[in-house]
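The values are calculated or read from the model by the stated rules, or taken from the named source; none is laboratory data. If you're wondering where the values come from, they're calculated on a predicted model, not measured in any experiment. Neighbour counts are summed over all protein chains in view; Cβ atoms, including those assigned to glycine, are modelled from backbone coordinates with ideal geometry. When the accessible area is computed, the model is the full protein with side chains, heavy atoms only, and any ligands, DNA or RNA have been set aside. Shrake-Rupley method; radii C 1.70, N 1.55, O 1.52, S 1.80 Å.
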Amino acid sequence: MARRALITGITGQDGSYLAEHLLASGYEVWGLARGQANPRVSRMRKLLADVQVVRGDLLDQGSLISAVEKVQPDEVYNLGAISFVPMSWEQAELTAEVTGMGVLRMLEAIRVCSSRGASIRFYQASSSEMFGQVSETPQNERTSFHPRSPYGVAKAYGHFLTQNYRESYGMFAVSGILFNHESPRRGAEFVTRKVSLGVARIKLGLASELKLGNLEARRDWGFAGDYVRAMHLMLQADTPEDYVIGTGRTHSVRELVEAAFVAAGLDWEQYVVGDQSLHRPAEVDLLCADPKKARTQLGWEPTVAFEELVAMMVESDLRLLTDGGDPDQDSSWP
Ligand code: NAP
Ligand code: G4F
C-alpha cells in the first residue's frame, strides 16, 4: 500500500514542490487547506491534481485532529505558517498563534491519534531566522538562537516544542533548520521574487524603477526543489534528528540585485531606488549554513547554484509577464 503524507502549507512554495516530490516517490498525498473559498486552493488543485484536500486550520485544534484521523498519515509535514518576516511585526499575535502555537496543535493531534495505535513521523519547518543575530558563522545544528523578529521567536518555540515532544513522548519528530530557498513559485513579497519580477517589468517596459530596503543583508539562498528532498530524507532516517539545510554560501541583497539585472542585460544602478520604509525594526545581517551533517548523514546536496537560481527566476518572470500572466494570481506555477 502507498505511504500516505499529510502536508500543511500545501498552497505555498514548499508545499507544491514537496507534493510533487512525494507523488513522484509513490506517496498518496493529502494537503491541509484552510478557508471557505481560498483561491490558492483552487490554483493548487489545478496544478497538483493528484493531491487530495482535507480541510483544516492551524488555529483550530479540532480540525487538525479530524484531519489526522481522516487521512491516517504515515508522515506529517508542517509547512503552514505566516512566513513573511515583516508581517510578523504587524501581526505579532497572529504569527505566534499560527507559526508557533500551530506546531503545538499539530503535535497534539498526532499525539492523540498515536495513542490510538497510529505511528506517525512529523517534520517541522524550522528556519535559519532562529539564529538571528548570529553567534558564529557558518551556523550549524549546535549554534545558539537569537531571533530578531516575532516570526523568528515563533519558529524557535515550534523548534523546541518539536524537540520536547520527541524527548517526552518518544515521537519521531524532527526539525529541518532551512536557510532561504527560492524558486519561480516564491511569493512576490520575498526579496528574490520581488527582484526577479521587478527586473522583468523593467525589461518589458512595464516599470521604470525598483524600490528596495537593506541591500547589505546577506543570505544563504538555495533552490526550493532541492530543499524539499531534504525534508523527505529526514523522515526516512533511522533516528529522529534535526538538520541544517543550506548551500554554505552567502550573498548580499546587492549581489542578488546585480545578478538579476545582469541576467536581463541591464545595469541595476540605473533602476534601483532605496526605500527607508522597507528596512526592518531589527535585521538579520548575515546567514550562512554549515550543511555538513545533512551531507554526511542524509547524503543531501544542493544542485542549483546562486547565479543559476537568479537567472531561472528572472527568465521565468519574463515568460510569465510576456504571456500576460498575473504574478499575484498565477505566480510562475508550475
Ligand atoms: P509560504 O509560501 O508562505 O506558504 C505558507 C503556507 O502556510 C501557505 O500554504 C498558507 O496557506 C499556509 N498557512 C498560513 N496560515 C495558515 C493557517 N492558519 N493554517 C494552515 N495553513 C496556513 O511558505 P514557504 O516558503 O512555502 O515555506 C514553508 C514553511 O517553511 C513555512 O513554515 C516557512 O516559515 C518555513 N521556512 C521557509 C523558508 C524559505 O526560505 N522559503 C526557510 C525556512 C523556513 P494559505 O494559502 O491558506 O494562506
Ligand atoms: O526575502 P526576505 O523577505 O526573506 P527573510 O526575511 O530572510 O525570510 C525568509 O527566509 C527565512 C529563512 O531564513 C524564512 F524562515 C522566512 O519564512 C522567509 O522565507 O528578505 C531577505 C532580506 C532581508 O534582509 C531584507 O531586509 O532582504 C532584505 N530586503 C531588502 N529589500 C528586502 C527588501 N526584503 C523584502 N522582502 N523586500 C524588500 O524590498
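Taking the options Glu90, Glu75, Glu141, name whichever one is closer than 20 Å to Ile245 by Cα, acidic (Asp, Glu) and within 16 Å of ligand 2 (Cβ to nearest atom).
Result of the check over Glu90, Glu75, Glu141: Glu141.
For segment 235-252, check the following and say yes or no: at least one residue is more than 14 Å from ligand 2 (Cβ to nearest atom), part of a helix (DSSP H, G or I) and not small (Gly, Ala, Ser).
Yes, the conditions are met somewhere in segment 235-252.
List every residue pair whose Cβ atoms lie under 7 Å apart, where the two residues are 6 or more positions apart in sequence or sit on different chains, the first residue falls within segment 43-58 and is among the aromatic types (Phe, Trp, Tyr), and the second residue, located anywhere, is modelled with pLDDT under 95 and open to solvent by less than 40 Å² (accessible area, probe 1.4 Å).
Pairs found: none.
Which count do you get for residues in segment 136-164 that are free of Cβ contacts under 8 Å to residues at least 24 places away in the same chain and either assigned to a helix (DSSP H, G or I) or within 10 Å of ligand 1 (Cβ to nearest atom) (or both)?
Qualifying residue count for the region: 2.
Looking only at segment 52-85, how many residues end up being more than 9 Å from ligand 1 (Cβ to nearest atom), assigned to a loop (DSSP other than H, G, I, E, B) and open to solvent by 10 Å² or more (accessible area, probe 1.4 Å)?
Going through segment 52-85 one residue at a time, the tally reaches 2.
Residues checked against (1) in a helix (DSSP H, G or I); (2) over 19 Å from the mean Cα position of the chain (by Cα):
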| position | (1), (2) |
| --- | --- |
| Glu20 | yes, no |
| Trp30 | no, no |
| Ala37 | no, yes |
| Ser42 | yes, yes |
| Lys46 | yes, yes |
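May I ask you to list pairs of residues, at least six apart or on different chains, whose Cβ atoms are under 6 Å apart, with the first in segment 6-18 being touching a residue at least 24 places away in the same chain (Cβ under 8 Å) and closer than 12 Å to Val41 by Cα and the second being part of a helix (DSSP H, G or I) and within 14 Å of ligand 2 (Cβ to nearest atom)?
Gly9/Gly15
Would you point out which residue out of Gly100, Gly132 is surrounded by 15 or more Cβ atoms within 10 Å (Cβ to Cβ) and assigned to a loop (DSSP other than H, G, I, E, B)?
Gly132
Does Ser277 fit the bill of being within 23 Å of Val153 (Cα to Cα), surrounded by fewer than 17 Cβ atoms within 10 Å (Cβ to Cβ) and not aliphatic (A, V, I, L, M)?
In short, yes.
With the condition kept exactly as written, say whether any residue in segment 192-205 is more than 15 Å from ligand 1 (Cβ to nearest atom), open to solvent by less than 60 Å² (accessible area, probe 1.4 Å) and within 19 Å of Gly15 (Cβ to Cβ).
Within segment 192-205, none of the residues are more than 15 Å from ligand 1 (Cβ to nearest atom), open to solvent by less than 60 Å² (accessible area, probe 1.4 Å) and within 19 Å of Gly15 (Cβ to Cβ).
Looking at the structure I just gave you, is Gly225 over 12 Å from Tyr123 (Cβ atoms) and in contact with a Leu (Cβ under 7 Å, 6 or more places away or on another chain)?
no
How about segment 280-300: which of its residues are touching a residue at least 60 places away in the same chain (Cβ under 8 Å) and open to solvent by 40 Å² or more (accessible area, probe 1.4 Å)?
Passing the criteria: Arg280, Pro281, Asp285, Leu286, Lys292, Lys293, Gln297, Gly299.
If I filter segment 14-40 down to residues being closer than 11 Å to Gln52 by Cα and not aliphatic (A, V, I, L, M), which single residue comes out as surrounded by the fewest Cβ atoms within 10 Å (Cβ to Cβ)?
The extreme case among them is Glu28.
Testing Gln133 on (1) in contact with a helix residue (DSSP H, G or I) (Cβ under 8 Å, 6 or more places away or on another chain); (2) under 19 Å from Asn214 (Cβ atoms); (3) in contact (Cβ under 8 Å) with a residue 40 or more places away in the chain; (4) more than 9 Å from ligand 1 (Cβ to nearest atom), one condition comes back false. Which one is that?
Looking at each condition in turn, Gln133 falls short on (1).
How many of the residues in segment 246-268 are hydroxyl-bearing (Ser, Thr, Tyr) and open to solvent by less than 30 Å² (accessible area, probe 1.4 Å)?
Count: 1.
Please work out if Glu167 is in a helix (DSSP H, G or I), within 15 Å of ligand 1 (Cβ to nearest atom) and either open to solvent by 50 Å² or more (accessible area, probe 1.4 Å) or within 16 Å of Val244 (Cβ to Cβ) (or both).
Values: in a helix (DSSP H, G or I): yes; within 15 Å of ligand 1 (Cβ to nearest atom): no; either open to solvent by 50 Å² or more (accessible area, probe 1.4 Å) or within 16 Å of Val244 (Cβ to Cβ) (or both): yes.
It is false that Glu167 is in a helix (DSSP H, G or I), within 15 Å of ligand 1 (Cβ to nearest atom) and either open to solvent by 50 Å² or more (accessible area, probe 1.4 Å) or within 16 Å of Val244 (Cβ to Cβ) (or both).
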